[in-house]
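Here is the structure we will look at.
Laboratory data are not the source of any read-out in this text; all were calculated from the coordinates shown. The shown structure was predicted, so the numbers you read here are calculated from the model rather than taken from an experiment. With ideal geometry, Cβ positions are generated from the backbone for all residues, glycine too; neighbour counts draw on all protein chains shown.
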Amino acid sequence: MKKILMISSLAIALVTAVFANGKAAAPAAENDGTIRWAYWGSGERVEISQKAIDLYESRNPGVKINPEVSGGAGDHFVKVDTQLAGGMGPDIIQMGGNIYDYSDVILSLNAYAGTLLDVDAIDDSAIESGTINGELKGVSTGVTMPALVYNKTMIEKAGVPLPSFTMTYAEFRNYLVLLKSKLPAGTYPMQDIGVTSSSSTAFGYWTRFNGTPLYDGDTNSTAVTAAAAQKYLDLFKDYRDNGLVPPPDVAAGFAESNADTSALIAGKVAIAFLFTNQLSGYQAATTDELNFLEFPGAAATKALWQAPSQFYTVNKDSKNIEETVKFINFLVNDPEAAKILGSNRGASASSSARAAGAGSATDQKVFDYLEKSKDHASMETDHVPNDTEFNSTLFLIYQRVAFGQIDTKEGGKQVADLIQRMISK
Amino acid sequence: MNKKLRENLTSYAFLTPWLLGFFILTLYPMFSSLYLAFTQYSLRQPPTWVGLRNFITMFGGSETIMGDERFLNSVGVTFKFVFLSVPLKLIFALVVAMLMNKKLKLIGLYRALYYIPTLLGGSVAIAVLWRRIFAGDGLLNLILMKIGMTDLPAWISNPKYALGTLILLAVWQFGSPMIIFLAGLQQIPKEYYEASSVDGAGKIRQFFAITLPGLSPIIFFNLVMQMVSAFQSFTQAFIVSGGSGGPLDSTMFYSLYLYIKGFGFSEMGYAAAMAWVLLLIIAVLTAFAFKVSGNLVTYGSGE
């Protein structure tokens, strides 16, 4: 009997020890000075982020920063959502336009503004973009703008003059036709922009160009009708039918979630859509030279916009708030950090960082584009609620049209219905 | 304390770690997912009770609710995948098992080699490799072009063929049913074959009269196991389609859509409801298989 009692108490002691360890280990890990920094990106962004971390750690002995990287924004938020739900969220969470969805779980930085976080150096507009209901929730990583990018090397090799920076849609189509006639078989003038599954930005530009913005948060309504959406589908049907964009199965082979899955980097297309902050990462992935041009028609309509590229936000349950805020301050305001980070997360919104100047020729291109297109831009339109589902379903409808499963009229109707459904959800 | 109770206590003491794991890590999540199936839950806010709404949304309960077409499509895709890949895989595994059942030199090596795809097949690396083989400018098309074919599709990103490449990937992982078939084949007494060949039965007659009936319990076991795991396929579709289930939702497996709904669209309640519907589907099909098997499966009466 004694034996049994001993065995069972041993077993119970063992099991409780295992569980107790599991419980105790977690907070300890967070308290040992390690700052967990979750962001998405690949290639260049991972390298320069690590360089910035190394610099910070060498200046601040004892501080350890642990990056938690996901390849794309989708994976990033899956991971972060799960960690947050389990009470194990990272200290710094990189956010995009969906910062509003997360405002309950991120810390207000008001208490640190002006002390640990030098907000005076940061542009007012950037502070404003990260402020929700009077509370500073996110620190802008910099500004960005939607743009088109062309492969200069590829176009020169084909013997075609380079595109002008500013064009109308008619001029743009003519240019694509010219490119088509000179490019080798199996390559195409432009990426099929609707097929960027992770982003409705190009469609968003088109709706602004037509004066029917996607969404107005104040009235919770959209200006996009079935007919307006059909016009976009018709535009690309024309491009597709004339070989100006790749056929649907070729386009669908490129997930377009980062440089590794990009048709532009694969040399399949000569012109593609990017946000300006993505240029440096994409340029690092190819030996061809990439350059900017504006979306067609921006000059006349001011349909472009500047947006905060991303935000650094702090998990409200962080055990390491002060060290975390200090590190964020370093990332956004320190001149040396700015040189390392370049325009990868947007062109810096901090005057002290900007004073460091452009770190590379690519960064200079980004600054030039922002400067030139500034006057062809207007205020950003609100994001459609339920962003992820909107993008995913829009992509599906777009593919239905591209593969000829439905016509553009039906497609337009489905897009308009989708926006209504997202708004009323 | 009587002896029996004492013995049982000892066993329970030893079982404690496993039992705790079972109750905390299996049973508790299962019941909480049953609860979540009747809620709306975004992970960021606490779940709210919505009754049967998730299920009604799936199938369409009234005139105003059409049903979730992407969900219904994913059911269709999954059924297609299961009912094509499982029989093909079993046939292939049986053929290879019969070849492996010969007395050859190095037969052990061959068996090991043919098992390798099963160890590798579920991995991310192989899914990425598959993507490269069946891409528009992938290995397969390069070979086909070398032998003079033109106008080749991009298999993996064409909605007509994408699911086919995944079925092929599943069939290629025939190793584990093959090993089980092999064990089954070796259980069939040699005397049956000897006696039948004395009576003048050919190889084909022997296959249908001896091998298949002798193997029927094994076939049935493999069928059920493969069916259950095929319904839960996830990795291949997730990697090959870049997580989108595309092109045109043609590789949108049930579990992939469940994942996208839960983690992508933050509808955990709906995802939990889908998990329970999948459980029901598999349970019904398995029960059906058992029912039908009564007539077809013969269990040996112990020599």
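Within a Cβ distance under 14 Å of A:ALA229, other residues only, what is the Lys/Arg minus Asp/Glu net charge?
+3
Given the -39500 (n - 2.57) contribution per DSSP H run of 4+ residues, what per-residue ellipticity at 222 nm results for chain B, rounded to the nearest 500 deg cm²/dmol?
Theoretical 222 nm ellipticity from helices: -21000 deg cm²/dmol.
Amide H to amide H, which residues 5 or more places from A:GLY71 or on other chains are under 5 Å from it, using H placed in the peptide plane?
Amide H to amide H, under 5 Å and 5 or more residues apart or across chains, A:GLY71 pairs with A:GLY41.
Rounded to whole Hz and in sequence order, give me ³J(HN,Hα) for segment A:409-416 from the Karplus expression 6.51 cos²θ - 1.76 cosθ + 1.60, θ = phi - 60°, writing x for Gly and Pro.
Karplus values, whole Hz, x for Gly and Pro: 5, 4, x, x, 5, 5, 5, 4.
Where does the longest stretch of chain B lie that holds no trypsin sites (Lys or Arg not before Pro) found in a DSSP loop with 11 or fewer other Cβ atoms within 10 Å?
The answer is B:106-303.
Rank A:GLN364, A:GLN94, A:ASN110 by how far each Cα sits towards the positive end of the charge dipole of chain A (+1 on Lys, Arg Cβ; -1 on Asp, Glu Cβ) and give me just the farthest.
A:GLN94
How large is ³J(HN,Hα) for each residue in segment B:229-235, as worked out from phi by the Karplus curve 6.51 cos²θ - 1.76 cosθ + 1.60 (θ = phi - 60°), to whole Hz, x for Gly and Pro?
Per-residue couplings from phi come out as 6, 5, 5, 9, 3, 9, 3 Hz.
Under the classification rounded if a/c is under 1.5, otherwise prolate if a/b is larger than b/c and oblate if not, where does chain A fall, given a ≥ b ≥ c as square roots of the Cα gyration tensor eigenvalues?
Prolate.
Compute the relative contact order of chain A as a whole-number percentage, counting only Cα pairs closer than 8 Å that sit 6 or more residues apart in sequence.
25 percent
Tell me whether segment A:242-353 comes out rounded, prolate or oblate; compute the Cα gyration tensor, take square roots of the eigenvalues as a ≥ b ≥ c, and use a/c under 1.5 as the rounded threshold.
Prolate is the answer for segment A:242-353, as a/c is 1.5 or above and a/b outweighs b/c.
Where nothing but the Cβ of Lys and Arg (+1) and of Asp and Glu (-1) is charged, how large is the charge dipole of the protein assembly as shown around its Cα centre, in debye to the nearest 20?
I would put it at about 2980 debye.
So for the protein assembly as shown, Kirkwood radius off the Cα pairs, Stokes-Einstein at 25 °C and 0.890 mPa s: how many µm² s⁻¹?
This corresponds to a translational diffusion coefficient of 84 µm²/s.
Let me know the shape class of chain B, please: from the alpha-carbon gyration tensor, a ≥ b ≥ c as square roots of the eigenvalues, rounded when a/c is under 1.5, otherwise prolate if a/b is greater than b/c, or oblate.
Verdict is oblate for chain B.
Modelled label-to-label distance, A:THR225 and B:LEU285, 7 Å Cα→beta-carbon offset: nm?
Result for the modelled spin labels: 4.7 nm.
Only four residue types carry charge here, +1 at the Cβ of Lys and Arg and -1 at the Cβ of Asp and Glu. Report the dipole size of segment B:57-296 about the Cα centre in Debye, rounded to the nearest 20.
It works out to roughly 840 debye.
Have a look at B:PRO17, B:ILE143, B:TRP276 and report the one farthest towards the positive end of the charge dipole of chain B, computed about the Cα centre with Cβ charges (Lys/Arg +1, Asp/Glu -1).
B:PRO17
Under 9 Å from the Cβ of A:THR381, count the other residues' Cβ atoms, weight Lys and Arg +1, Asp and Glu -1, and hand me the total.
The answer is -2.
Return a whole-number percent for the relative contact order of segment B:57-296, with Cα pairs under 8 Å and 6 or more residues apart as the contact set.
Relative contact order here is 26 percent.
Rounded to the nearest 0.05, what FRET efficiency do A:THR301 and B:THR150 have when you use their Cβ-Cβ distance and R0 = 41 Å?
For A:THR301 and B:THR150, the calculated efficiency is 0.40.
For chain B, what number of Lys pairs, 8 or more residues apart or on separate chains, have alpha-carbon atoms under 20 Å from each other?
7
Residues with amide H under 5 Å of A:LEU293's amide H, sequence separation 5 or more or different chain, H placed in the peptide plane at 1.01 Å from N; which?
Here A:LEU148, A:VAL149, A:TYR150 satisfy the definition.
Helix-only mean residue ellipticity at 222 nm, chain A, DSSP H runs n ≥ 4 weighted -39,500 (n - 2.57), per residue, nearest 500. What is it?
-14000 deg cm²/dmol
What residues qualify as long-range amide H neighbours of A:ILE65, i.e. H under 5 Å apart, gap of 5 or more or another chain, H built at 1.01 Å from N?
Those qualifying (amide H under 5 Å, at least 5 residues apart or on another chain) are A:ILE35.
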